[in-house]
Amino acid sequence: MAKKKSPILKIFILFILIETVLVFVSNGFNKELQIGFDNGKFVLRNIQSHYDLQEKITEEFQIDEHYRQTGETPEIYGSNKTYEFFKNIFGKATAIGTFQLLRMLFIVDIMLLFIALLIKKKLLKRPSQPQILFEMIYTALKQFVIETLGKERVHFTPYIMTLFLFIWVCNVVGMIPIPGFIEPTRNLNVPLGLGVFAVAIVHITALKVKGVWGHLKNYVNPVKNPLFLLDIIGELSKIVSISFRLFGNVLGGAIIILVVSSLVSYVVFPVGLNLFFGLFVGTIQAFVFTMLALTYIGVEISE
Amino acid sequence: MDNITLAQGIVKAAALLGAGMCMGMGALGPGVGEGFVAGKACEGIARSPENASLITRTMLVGQAVSESTGIYSLVIALLLIFST
């Protein structure tokens, strides 16, 4: 029986091929491996790298610190004017890192907007394949919102969907093997901002539902609730836990990919690692962040 | 890396040792917890195989949440390594 390959499998195989070729071209052959003729024989040899692992990690994760240690002039993409501009705003200590982060956030936003416009342009009654995909995501998240918050609060679905898609694209965009493509969630500021925003939305919703005094009496009434300080600390630790979870997962995955692929001289291994840490962990963590934000809202407005 | 005093060397060595111990001890709890969750999910799937997808989803989310203490120790270990 000739089994027909599913389109997902085709995309998967295509992705692995493209990723392998791109990893070879972008990292492998011009940094660590070299093809050439040696004593009349065709060889594939390993160049002695002048970086050690510590310097490489510093270059990847603290790029300003790297330029400060080596004393090189930073080679910014495009012109030097951009670097001067960012140095004037953010100071010398974080100029390049901030530039990279802002550029990646901009790219992610452009991708999301582009996909949204592309889907919106041809909405059909008999939907095409991408439309089916996005309708499935929307329906599943809407079902979660209805299960958690009840039917009268379906209007939270766009926020939840935006949170999920943004974090997911942020986690996955680091898989594209172009130099300088980092995950924006690797920087602590992005998950921290999202976490603060989620907890703020929780409290604004509770204020709207229960009224000002009805919500605040849980925190500032020492007679009814003698341990109200612990509640306030608990609210703050919500932000820390939800944002450090995302940040640590993405950063740890990136460091493991860098270390292992430097151990095997960038040959084939990074592809599988990218699939695990980029796709699998990225999807799970985006889902967990979204579900936790939803659950916080649900717990706060339940009584 | 060249020309560091003895005190700086001791501090660096203590930070590296602390990072290793932090990772080792911090990985104990999530390992035990995730294994427990996976075992219980196996029992659940064996008992009612028609709910397998729901159980798998809940298991993955629970594992990701219980992994977070290990992630905190990873962050602390990275801070110890790179900021001293």
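The values are calculated or read from the model by the stated rules, or taken from the named source; none is laboratory data. All figures in this text were calculated on a predicted structure; none of them were measured in a lab. All Cβ positions, even for glycine, are placed from backbone atoms using ideal geometry, and neighbour counts span all protein chains on display. These accessible areas exclude ligands, DNA and RNA; they are computed on the full protein's heavy atoms, side chains included. Shrake-Rupley method; radii C 1.70, N 1.55, O 1.52, S 1.80 Å.
Within region B:1-47, which residues are assigned to a helix (DSSP H, G or I) and among the charged types (D, E, K, R)?
Of everything in region B:1-47, those that are assigned to a helix (DSSP H, G or I) and among the charged types (D, E, K, R) turn out to be B:LYS12, B:GLU34, B:LYS40, B:GLU43, B:ARG47.
Residue-by-condition table, conditions (1) more than 26 Å from A:ASN249 (Cβ to Cβ); (2) in contact (Cβ under 8 Å) with a residue 60 or more places away in the chain:
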{"position": "A:VAL154", "(1), (2)": "yes, no"}
{"position": "A:ILE178", "(1), (2)": "no, yes"}
{"position": "A:PHE197", "(1), (2)": "no, no"}
{"position": "A:ILE204", "(1), (2)": "yes, no"}
{"position": "A:LYS210", "(1), (2)": "yes, yes"}
{"position": "A:TRP213", "(1), (2)": "yes, no"}
{"position": "A:LYS224", "(1), (2)": "yes, no"}
Margin query: Condition check: modelled with pLDDT of 90 or more, surrounded by fewer than 19 Cβ atoms within 10 Å (Cβ to Cβ), more than 14 Å from chain B (Cβ to nearest Cβ) and in a helix (DSSP H, G or I). Does A:ILE232 satisfy that?
Written below: no
Next item on the list: Kindly indicate whether B:GLY35 is open to solvent by less than 50 Å² (accessible area, probe 1.4 Å), within 30 Å of B:THR84 (Cα to Cα) and either free of Cβ contacts under 8 Å to residues at least 60 places away in the same chain or not hydrophobic (A, V, I, L, M, F, W, C) (or both).
Entry: no
Notebook entry, point to check: With respect to the numbered conditions (1) open to solvent by less than 60 Å² (accessible area, probe 1.4 Å); (2) touching a helix residue (DSSP H, G or I) at 6+ places or on another chain (Cβ under 6 Å); (3) at pLDDT below 90, which one is the sole condition not fulfilled by B:ALA41?
Noted result: (3)
Next item on the list: Answer yes if at least one residue in region A:117-125 is at pLDDT 80 or above, of a type in the set (A, V, I, L, M) and surrounded by 11 or more Cβ atoms within 10 Å (Cβ to Cβ), and no otherwise.
Entry: yes
Notebook entry, point to check: Name the pairs whose Cβ atoms lie under 7 Å apart, with the first residue in region B:49-78 and at the interface with chain A (Cβ under 7 Å from one of its Cβ atoms), the second open to solvent by 70 Å² or more (accessible area, probe 1.4 Å) and of a type in the set (Asp, Glu), and 6 or more positions between them or separate chains?
Noted result: none
Next item on the list: Could you please let me know if A:VAL250 is of a type outside the set (D, E, K, R), in a helix (DSSP H, G or I), within 28 Å of A:LEU9 (Cα to Cα) and touching a Lys or Arg at 6+ places or on another chain (Cβ under 6 Å)?
Entry: yes
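Quick check, is B:PHE82 without any contact (Cβ under 8 Å) to a residue 24 or more places away in the chain, out of contact with any strand residue (DSSP E or B) (no Cβ under 8 Å at 6 or more places or on another chain) and within 14 Å of another protein chain (Cβ to nearest Cβ)? Break it down stepwise before answering.
Working: without any contact (Cβ under 8 Å) to a residue 24 or more places away in the chain: yes; out of contact with any strand residue (DSSP E or B) (no Cβ under 8 Å at 6 or more places or on another chain): yes; within 14 Å of another protein chain (Cβ to nearest Cβ): yes.
Yes, satisfied.
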Notebook entry, point to check: Considering region A:147-198 alone, what residues qualify as being of a type in the set (Asp, Glu) and assigned to a helix (DSSP H, G or I)?
Noted result: A:GLU147, A:GLU152
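Can you name the residue in region B:53-68 that is open to solvent by 80 Å² or more (accessible area, probe 1.4 Å) and of a type in the set (S, T, N, Q) and, of all such residues, is nearest to the chain's Cα centre (by Cα)?
Filtering region B:53-68 down to residues open to solvent by 80 Å² or more (accessible area, probe 1.4 Å) leaves B:53-54, B:57-58.
In the following step, the residues that additionally are of a type in the set (S, T, N, Q) were identified as B:53, B:58.
Values: B:SER53: 26, B:THR58: 20 Å.
In this case the residue turns out to be B:THR58.
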Next item on the list: From (1) open to solvent by 30 Å² or more (accessible area, probe 1.4 Å); (2) within 28 Å of A:PHE289 (Cα to Cα), pick out the condition that doesn't hold for B:LYS12.
Entry: (2)
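So that you can scan it fast, the table gives a plain yes or no per residue for (1) more than 14 Å from every other protein chain (Cβ to nearest Cβ); (2) modelled with pLDDT of 90 or more; (3) touching a His at 6+ places or on another chain (Cβ under 6 Å); (4) open to solvent by less than 20 Å² (accessible area, probe 1.4 Å):
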position: A:GLY195; (1), (2), (3), (4): no, yes, no, yes
position: A:ALA198; (1), (2), (3), (4): yes, yes, no, yes
position: A:ILE201; (1), (2), (3), (4): yes, yes, no, no
position: A:TRP213; (1), (2), (3), (4): yes, no, no, no
position: A:LYS217; (1), (2), (3), (4): yes, no, no, no
position: A:ASN221; (1), (2), (3), (4): yes, no, no, no
position: A:ASN225; (1), (2), (3), (4): yes, no, no, no
position: A:ILE239; (1), (2), (3), (4): no, yes, no, no
position: A:LEU246; (1), (2), (3), (4): no, yes, no, yes
